1. Tally the residues that are over 19 Å from the mean Cα position of the chain (by Cα) and farther than 20 Å from Ile233 by Cα, restricting the search to region 280-304.
2. (1) surrounded by fewer than 17 Cβ atoms within 10 Å (Cβ to Cβ); (2) part of a loop (DSSP other than H, G, I, E, B); (3) not aromatic (Phe, Trp, Tyr): which one isn't true of Val600, the others all being true?
3. Within region 285-325, which residues are free of Cβ contacts under 8 Å to residues at least 24 places away in the same chain and touching a Leu at 6+ places or on another chain (Cβ under 7 Å)?
4. Please go through region 576-591 and pick out each residue that is in a helix (DSSP H, G or I) and in contact with a Leu (Cβ under 9 Å, 6 or more places away or on another chain).
5. So is Lys561 in the same structural domain as Met447 (by the TED database) and either assigned to a loop (DSSP other than H, G, I, E, B) or crowded, with 18+ Cβ neighbours inside 10 Å (or both) or not?
6. Quick one: in region 45-60, which of the residues that are modelled with pLDDT of 80 or more and not in a helix (DSSP H, G or I) is farthest from Leu272 (Cα to Cα)?
7. How many residues does region 345-367 contain that are small (Gly, Ala, Ser), assigned to a loop (DSSP other than H, G, I, E, B) and out of contact with any strand residue (DSSP E or B) (no Cβ under 6 Å at 6 or more places or on another chain)?
8. Need at least 3 residues that are more than 18 Å from Leu631 (Cβ to Cβ) and modelled with pLDDT under 85 per element, so show me which helices (runs of 4 or more DSSP H) inside region 641-738 make the cut, counting only ones lying wholly within it.
Amino acid sequence: FSLNRGSQALKFFNTHQLKCQLQRHPDCSNVKQWKGGPVKIDPLALVQAIERYLVVRGYGRVREDDEDSDDDGSDEEIDESLAAQFLNSGNVRTRLQFYIGEHLLPYNMTVYQAVRQFSLQAEDERESTDDESNPLGRAGIWTKTHTIWYKPVREDEESNKDCVGGKRGRAQTAPTKTSPRNAKKHDELWHDGVCPSVSNPLEVYLIPTPPENITFEDPSLDVILLLRVLHAISRYWYYLYDNAMCKEIIPTSEFINSKLTAKANRQLQDPLVIMTGNIPTWLTELGKTCPFFFPFDTRQMLFYVTAFDRDRAMQRLLDTNPEINQSDSQDSRVAPRLDRKKRTVNREELLKQAESVMQDLGSSRAMLEIQYENEVGTGLGPTLEFYALVSQELQRADLGLWRGEEVTLSNPKGSQEGTKYIQNLQGLFALPFGRTAKPAHIAKVKMKFRFLGKLMAKAIMDFRLVDLPLGLPFYKWMLRQETSLTSHDLFDIDPVVARSVYHLEDIVRQKKRLEQDKSQTKESLQYALETLTMNGCSVEDLGLDFTLPGFPNIELKKGGKDIPVTIHNLEEYLRLVIFWALNEGVSRQFDSFRDGFESVFPLSHLQYFYPEELDQLLCGSKADTWDAKTLMECCRPDHGYTHDSRAVKFLFEILSSFDNEQQRLFLQFVTGSPRLPVGGFRSLNPPLTIVRKTFESTENPDDFLPSVMTCVNYLKLPDYSSIEIMREKLLIAAREGQQSFHLS
């Protein structure tokens with residue numbers, strides 16, 4: 001239904017144009033006045049296109065003191081250098097802004113949507129056209145001439161535009177160390193051991209009015225807000241108690257609303273809605289304020305539709321609904337026009353070169369494609385492998401980025417031989433800095449985190465995956481929830497320290513109970529406190545001092561090495577340990593990370609997700625065993641094989657017996673990435689195709705290894721004589737075949 005409607009609508013958009021009158025805004029006189037009369041504009045063009053059209057023709061040049069020579073050059077005179085600049089770069093500084101009436105138009109809005117939303121003055125007309133059933137609007141929209149005002153962007157406004165690819169959206173990062181307010185707070189921490197109290201995430205939900213980011217009106221609003229509060233209580237109730245189990249009362253999945261989800265999916269799978277950018281307000285607002293109503297997939301689509309440009313949204317739609325492509329939408333206009341930028345990197349200096357690639361192209365709108373020096377392979381496989389390999393390099397122990405233990409890889413390749421990597425079974429988290437860390441070292445680590453931020457944002461933007469096992473507290477920092485990190489978050493970083501902290505917190509609780517006990521005399525209280533022990537050992541005998549456990553050179557306050565921990569200062573010590581491990585020691589790293597990320601797109605777009613879901617967004621689907629049934633549904637035998645072929649049955653049986661490590665090897669071998677996209681095999685695009693590898697009659701298939709074409713997810717599989725031989729050859733090929741793209 002929606003496909004047919006979509007292609008009809010497309011034909012309509014292809015044959016209709018909007019009549020617009022471009023006019024200099026009445027309150028500015030320092031740019032040229034447009035004299036070319038009404039212009040016809042492709043309804044699906046973005047507002048940005050008008051800006052480029054005018055700027056290239058010299059209308060963005062701000063003139064000094066109202067020199068009113070309007071005849072400088074004819075309208076068609078094009079500034080070649082500007083035009084070239086626009087063509088080559090994803091983010092030229094914007095010079096003009098546009099209004100319809102009072103409304104400032106976002107650059108990434110389609111002209112059609114702008115006109116439809118702001119130019120149809122008569123309220124009744126707007127009401128009736130906003131109906132989902134009539135996406136093409138009233139006839140009036142096509143016959144009227146719409147006035148669009150332009151005026152120069154003021155320098156100070158320029159800095160806070162929220163557009164993809166600008167150096168924008170940094171306003172929210174934490175204040176730096178130099179601001180006086182901050183300096184005082186830091187001294188309190190350093191001299192007096194005072195740290196800020198943990199903020200309770202429930203407080204923002206327990207309010208009597210709707211949150212300011214819900215603006216839509218609806219009879220269901222009261223119920224929605226009630227559910228929002230109930231969900232928050234279910235999720236964060238344990239912040240109200242000391243020492244409660246940190247578990248949801250009701251799993252978040254129970255809150256999913258099937259009616260809202262169906263309604264949302266209808267909108268998000270309609271090519272027309274995506275092309276015109278006509279996403280209803282209720283959907284984006286609920287997605288960010290009440291994510292629990294929708295399953296992850298729906299929110300992921302919503303994110304791609306609202307966070308980036310229209311071409312990416314269309315690409316995402318086509319990737320997730322391949323059937324749309326089969327209709328007559330070979331029409332070039334639906335096909336997303338995504339620029340691609342190719343870069344060649346050297347495997348030996350991968351990390352260094354990756355940093356310069358991200359420096360140049362991280363914030364570009366173009367899709368990044370990677371190939372390797374002296375290798376023929378190009379396209380998807382090598383690009384996916386690039387993200388996987390850079391992810392691996394970032395885990396090198398010598399970089400000093402992560403907490404964890406040093407290990408060597410189980411099957412190292414090339415330069416990885418003998419290199420140590422950091423492993424942390426809980427997930428990676430930043431290694432803390434103390435007050436005495438060397439500035440040069442801090443600067444190096446901050447640069448790496450900034451790079452990691454760019455790499456992750458670019459991967460998300462280009463539908464790529466990174467292969468970094470990050471811990472939950474890392475994702476909480478990403479979503480700006482670091483002020484509510486507490487001792488239970490230590491378990492996700494360092495369970496050994498977390499367990500000791502937990503036992504010691506219990507001693508603090510017993511101490512408080514004793515102190516509140518009115519029947520105690522001063523002497524009996526003193527005695528009772530001295531007998532509080534951890535596994536039979538008094539606090540003083542544990543021999544702790546005010547340094548961070550595991551980091552003897554990181555003092556928790558000034559002179560901490562020389563301050564022993566006693567029953568009387570134990571509570572302060574624990575508060576400081578938690579604050580240093582999760583906040584103070586790592587804030588500079590995470591500020592740099594968020595800075596790098598936001599140079600690509602604003603982190604606020606991730607509000608559609610909970611921290612525990614970001615791993616799925618960034619790293620793809622979690623390891624689950626592959627069952628033969630799913631494989632049969634998702635993989636295509638071809639060229640010599642069918643689903644009934646012995647080799648194909650062997651293959652599915654072998655794959656369904658693979659453990660986590662073998663799965664990763666196999667995926668890296670066949671697709672270039674060690675993880676499946678979200679949605680598993682079903683979402684592999686193109687699907688995994690198994691073809692028969694052919695031989696001369698004299699050759700024995702058992703002597704050959706399988707080979708692949710990663711760009712199309714092709715596995716060329718010899719018809720082996722037994723399942724054991726196939727298993728062995730597959731694993732050899734997967735281990736050997738890593739890290740080089742030569743055509744087979």
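1. 4
2. Single failed check for Val600: (1).
3. Passing the criteria: only Asn325.
4. Once the filter is applied, which keeps residues that are in a helix (DSSP H, G or I) and in contact with a Leu (Cβ under 9 Å, 6 or more places away or on another chain), region 576-591 yields Leu576, Val577, Ile578, Phe579, Trp580, Ala581, Leu582, Asn583, Glu584, Gln589.
5. Criteria not met by Lys561.
6. If we take residues in region 45-60 being modelled with pLDDT of 80 or more and not in a helix (DSSP H, G or I), then Gly58 is farthest from Leu272 (Cα to Cα).
7. Qualifying residue count for the region: 3.
8. Working: elements: 646-655, 660-671, 723-736.
It comes to 723-736.
The values are calculated or read from the model by the stated rules, or taken from the named source; none is laboratory data. Owing to the predicted nature of the structure, the values given are computational and were not obtained by experimental measurement. Glycine also receives a Cβ, built like all others from the backbone with ideal geometry; neighbour counts cover every protein chain displayed. With ligands, DNA and RNA removed, areas are computed over all heavy atoms of the protein, side chains included. Shrake-Rupley method; radii C 1.70, N 1.55, O 1.52, S 1.80 Å.
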